[in-house]
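The values are calculated or read from the model by the stated rules, or taken from the named source; none is laboratory data. Note that the structure is a prediction, hence the values are computed from the model and not measured. So basically every Cβ, Gly included, is an ideal-geometry build from the backbone, and we count neighbours across all protein chains shown.
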Amino acid sequence: MSKTIIVTGGAGFIGSNFVFLMLERHKDYRIVCLDKLTYAGNLSTLEPVMDNPKFRFVKADICDRDAVYKLFEEEKPDIVVNFAAESHVDRSIEDPGIFLETNIMGTATLMDACRKYGIERYHQVSTDEVYGDLPLDRPDLFFTEETPIHTSSPYSSSKAAADLLVLAYHRTYGLPVTISRCSNNYGPYHFPEKLIPLMIANALAGKPLPVYGEGLNVRDWLYVEDHCKAIDLIIHNGRVGEVYNIGGHNEKTNIYIVKKILELLGKPESLITYVTDRKGHDLRYAIDPTKIHNELGWLPETMFDDGIVKTVQWYLDNKSWWENIISGEYQQYYEKMYGDR
Ligand code: NAD
Ligand code: DAU
């Protein structure tokens, strides 16, 4: 059956990959992307689908109630998937305000629209960072959906606040919601301020690779398409009111990732530069994906050794995409963050 889905943040990294997947998989669906086009949103990413009659792009802020309500009136969406967020931990440490506004107030505004106009499902794209971190010396511990919320950064706190609000709208107003909490994604269209694309870009430019602390923090990496497929399953088959963790048991230290990228690009490890650690730096993330596997049959399809090769190749084949970003506003950000670190 045909459906209309509003995808917020669809000009960003994961949102754009989700838009492509949905248009490919559900040919009779209408996909409407609502995006403010912040520094992290890139309309050129959506160029391949701009002329698709099943796709519409609308530039708007999820905090702008009038614009959001107008779009709901026009489109009468069946499903809303909220990717829109300020997503970079380091930026949240520098300037928390916009994180609270977009990630919390924006979520509330979207859900108010869902209440007013009626929807089949509101899906909140959350993060494993709401669980805080795990110690490095306890490899037996994983985040389950029952792990208490325990955040470290303004970013993760704003995402946790949004999650609580989503669950409150379900309990109080009966809004049909689901939440997914995924581990670190990697793949095409990843903004070059995040670890993997930043290291690829710097290595190719022969610039130092800034590793925080000793590079021993652990992240649990998942290929972005696997995350998008999990969300597709949840919005269609997931149980209302439930939280689903998404992750593929792929824990790596940051230094392992950086060395792997250098190896794949044939660049020397002498480019590695250890810099001052991130404030409040979470030690280890590790997802237990048992629930989504048992209930919805989800399993990751791309293993890290293949995914990282595909990703590095994508950055080699799509230099203009990230070089354009690096030559813009991001340039000033980079100077500010790494200039005298
Ligand atoms: P991103 O920063 O690449 O993209 C965010 C997008 O949201 C951009 O297109 C931006 O223009 C848009 N946006 C920002 N503020 C907006 C606003 N007020 N109104 C409308 N649009 C706005 O982020 P990402 O890495 O693709 O992450 C997407 C979502 O997934 C976020 O909610 C994030 O918390 C979550 N998440 C990310 C990861 C990861 O590894 N990147 C992992 C788990 C969860
Ligand atoms: O776990 C999911 C989260 O993953 C998402 O919710 C966030 O939106 C997403 O940005 C990501 O957060 P991280 O902080 O884990 O990602 P980031 O790429 O910023 O950093 C990954 C690790 O690499 C982290 O331990 C910090 C380290 N790092 C990062 C940068 C940018 C470095 O050592 N050097 C760097 O220059």
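Looking at segment 31-48, is at least one residue of a type in the set (K, R) and more than 22 Å from S158 (Cα to Cα)? Steps first, please.
Initial filter on segment 31-48 (of a type in the set (K, R)): 36.
Subset that is more than 22 Å from S158 (Cα to Cα): none.
There is no residue in segment 31-48 that is of a type in the set (K, R) and more than 22 Å from S158 (Cα to Cα).
Residue pairs, Cβ under 6 Å, 6 or more apart or interchain, first in segment 162-174 and aromatic (F, W, Y) and buried (at least 17 other Cβ atoms within 10 Å of the Cβ), second part of a helix (DSSP H, G or I) and at pLDDT 95 or above. List them.
Within 6 Å, the pairs are Y169/M111.
Scan (1) within 30 Å of L264 (Cβ to Cβ); (2) surrounded by fewer than 24 Cβ atoms within 10 Å (Cβ to Cβ); (3) within 12 Å of ligand 1 (Cβ to nearest atom) for the single condition G215 breaks and write down its number.
Here G215 meets the rest and fails (3).
Take the residues in segment 98-149 that are of a type in the set (G, A, S) and part of a loop (DSSP other than H, G, I, E, B), then tell me which one is nearest to V240 (Cα to Cα). Please lay out each step first, then the result.
Our first condition is that a residue be of a type in the set (G, A, S); within segment 98-149, this holds for 106, 108, 113, 118, 126, 132.
Now drop any that are not part of a loop (DSSP other than H, G, I, E, B), which leaves 118, 132.
Numbers: G118: 15, G132: 25 Å.
Ranking the candidates gives G118 first.
Name every residue in segment 179-200 that is away from ligand 2 (no atom under 11 Å from the Cβ) and either within 25 Å of L46 (Cβ to Cβ) or free of Cβ contacts under 8 Å to residues at least 12 places away in the same chain (or both), in order of residue number. Spell out how you get there, then give the answer.
Step one: of segment 179-200, the residues away from ligand 2 (no atom under 11 Å from the Cβ) are 179-180, 187-189, 200.
Within segment 179-200, S180, G187, P188, Y189, I200 qualify.
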